[in-house]
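*Asks:* My structure is below; once you've seen it, I'll send some questions.
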Ligand code: XMP
């Protein structure tokens, strides 16, 4: 009997409408997350079976559609590492020197990734004293080094136990374990799963801590360490799978501003040079982050980056309209950030009187007609996992600042006020953040002393909320439940199956816990 019923998504229902009909019906209203709710569908999908994979370009896939905001109180290397370890990505902010930003990207990309492709090596004619100086000057945390000749051929391994001041005058060649005693793999033996190959090796060779990789001519091509492989094996036992590139390094993005010369022109040279340095370190995506992406300056920057780096994933924003998306896509962007004024610390709507409530902005953006597919990132205003589900009915990824700002992986110190623990969270358009470098994002210049900076963000505090694992656990769990209710196995099906209804003020009250005294034993966030 059941199979004869029509299980299609409320076809013909006058109440539960697909996005195109729903937003048309409410075309003069700006709607945001709490203004709408999603209808359930017939489902054969269990939440735990759902696939949360998404992408920001043809080449950049994420296992989880979550990105931490490029804000100076949200994403530095520690947050970006945590985001990627959970399958998402962090965008490192640009309120720091170019050099610092490059270093932070390098730190994420060099986080334990299994096969170290350019291990630090030493030469046989160096002294142990030289090696000790090298360790001290670079601050290395390891003391074991492969030894290579001037052609890069592997000739030994200097074990950490001999790198001691008492042997300072001895030569590396005297202290190293010779080539014939070393465990090596030929790179052709690794296949496409380096971790599996190394894991198998270490299982079979108890007590060995280093495995060297060589090419056909015995030139050194990489190094595995047992501790890295053990850490990765541990990570893979967690509920989350890391987002990695094709060299097994964690994904990491970085934001840049649209830099200008003293006479107000886009400083193309500076932009290309800095992005070139980030690309060298393996950055996966560059975001031109401004408050007004539908603008000549952002278009010029994206065009110039696209010409110079044809394969680099480019994110641009922020915009809130079909026209804005089409403009940035035409300029060469792969993914476009949607959101003007929804953020928890934003005052753009108050100060400038502009901005569009987020669900309407996302819908209009999703109507864009572009030659090449573009992805949309819903940026700002997300306070709970239900908002993530709603945002993903019209976008490909969600960017959050506030939800991550209280995590221990966010930059900044923990403050104690009246026995409660807080972290600072400030808008990039707040006075202090603009003074620290973000003014360009809001089209202001600090050099013009006559101009008074008009802040478009506030400085605030976030209660400390545990770790990224806790927050992502809640967001991903809620997202999976949403998919289950809609009968969607993945995010693209979520889009086609979503049916919307507007929520009245009484309906919103009904949606939240009401008429009870809540006992705070769960980690439910509101
Ligand atoms: P949530 O709601 O997650 O929003 O805290 C984070 C997003 O807000 C944007 N942002 C700002 N918008 N003035 C604004 O109007 C600001 O000072 C500001 N700082 C950040 C940004 O898009 C971020 O991802």
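Please treat every number below as a calculation from the coordinates, not as lab data. These numbers come from a predicted model, not from an experiment. Glycine gets a Cβ as well: all are built from the backbone with ideal geometry, and neighbour counts include every protein chain shown.
*Asks:* Once you order the gyration tensor axes a ≥ b ≥ c over the Cα atoms, which shape class does segment 237-356 get: rounded for a/c under 1.5, otherwise prolate or oblate by comparing a/b with b/c?
*Replies:* It is oblate, given that a/c is not under 1.5 and a/b is not larger than b/c.
*Asks:* OK, next. Give me the angle, in degrees from 0 to 90, between the Cα long axis of helix 128-138 and the longest principal axis of the Cα atoms of the chain, rounded to the nearest 10.
*Replies:* For helix 128-138, the angle is close to 20 degrees.
*Asks:* Extension gain residue 262-residue 510, at 0.36 nm per residue separation less the Cα-Cα distance, in nm?
*Replies:* Result: 83.7 nm gained on full extension.
*Asks:* A further question on this structure: So, in Å, what gap is there between the alpha-carbon centers of segment 336-399 and segment 1-64?
*Replies:* 17 Å
*Asks:* Taking the C-alpha atoms of segment 100-191, how large are the radius of gyration and the largest Cα-Cα span, Dmax, in Å?
*Replies:* Both quantities, over Cα of segment 100-191: 14.7, 42 Å.
*Asks:* Taking 7 Å along the Cα-to-C-beta vector as the label spot, tell me the residue 28-residue 170 distance in nanometres, rounded to one decimal.
*Replies:* 8.7 nm
*Asks:* Another question about this same structure. Return the calculated 222 nm mean residue ellipticity for the chain, to the nearest 500 deg cm²/dmol, obtained by summing -39500 (n - 2.57) across DSSP H runs with n ≥ 4 and dividing by the residue count.
*Replies:* Mean residue ellipticity at 222 nm (helix-derived): -9000 deg cm²/dmol.
*Asks:* Quick one: what do you get for segment 116-251 if you divide its Cα Rg by 2.2 N^0.38 Å?
*Replies:* Cα-based Rg divided by the globular estimate yields 1.12.
*Asks:* Relative to the first principal axis of the alpha-carbon coordinates of the chain, what is the inclination of helix 468-486, with its axis defined by its Cα atoms, in degrees from 0 to 90 and to the nearest 10?
*Replies:* 50 degrees
*Asks:* Tell me the angle of helix 268-280 to the major Cα principal axis of the chain, expressed in degrees between 0 and 90 and rounded to the nearest ten.
*Replies:* So the helix axis and the longest Cα principal axis differ by about 60 degrees.
*Asks:* Sticking with this structure for a sec: Over segment 259-329, how many percent of alpha carbon pairs lie in each 5 Å bin up to the one with the longest distance?
*Replies:* 3, 17, 27, 25, 17, 9, 2
*Asks:* With label points built 7 Å along Cα→Cβ from the Cα atoms of residue 269 and residue 140, find their separation and express it in nm.
*Replies:* A separation of 3.8 nm, rounded to one decimal place.
*Asks:* Rank-order 501-512, 168-179, 399-410, 56-67 by packing density, defined as the average count of other C-beta atoms within 10 Å over each peptide's residues, highest first.
*Replies:* Per-residue Cβ counts within 10 Å, averaged per peptide and sorted highest first, yield 399-410, 56-67, 168-179, 501-512.
*Asks:* To the nearest Å, what is the center-to-center distance of segment 94-132 and segment 161-216, using C-alpha atoms only?
*Replies:* If you average the Cα positions of each part, the centres end up 19 Å apart.
*Asks:* Go through 139-147, 24-32 and give me the packing order, highest mean Cβ count within 10 Å leading.
*Replies:* Packing order, densest peptide first, comes out as 139-147, 24-32.
*Asks:* Next question, about the same structure. What is the chain's relative contact order, in percent, from Cα pairs under 8 angstrom and six or more apart in sequence?
*Replies:* Once divided by the residue count of the chain, the mean separation gives 21 percent.
*Asks:* Now for a different question. Need the full-extension length gain, residue 519 to residue 205, defined as separation in residues times 0.36 nm minus the C-alpha distance. One decimal, nm.
*Replies:* Taking residue 519 through residue 205 to full extension adds about 107.7 nm, to one decimal.
*Asks:* Here is a follow-up. Considering just Cα atoms, how many Å³ per residue does the convex hull of segment 43-131 enclose?
*Replies:* 180 Å³
*Asks:* May I pose another question? From the Cα gyration tensor of the chain, with a ≥ b ≥ c the square roots of its eigenvalues, which class applies: rounded if a/c is under 1.5, or else prolate if a/b is larger than b/c, or else oblate?
*Replies:* In terms of gyration-tensor shape, prolate.
*Asks:* Now for a separate question. Could you grab the relative contact order for segment 91-171? Cα pairs under 8 Å, six or more apart, rounded to a whole percent.
*Replies:* Relative contact order comes out at 29 percent.
*Asks:* Can you tell me the equivalent ellipsoid semi-axes for segment 319-426? Use √(5λ) from the Cα gyration tensor, largest first, whole Å.
*Replies:* Its equivalent ellipsoid spans semi-axes of 30, 15, 12 Å.
*Asks:* Dividing the Cα radius of gyration by the Kirkwood radius, what Rg/Rh value follows for segment 1-160?
*Replies:* 1.23
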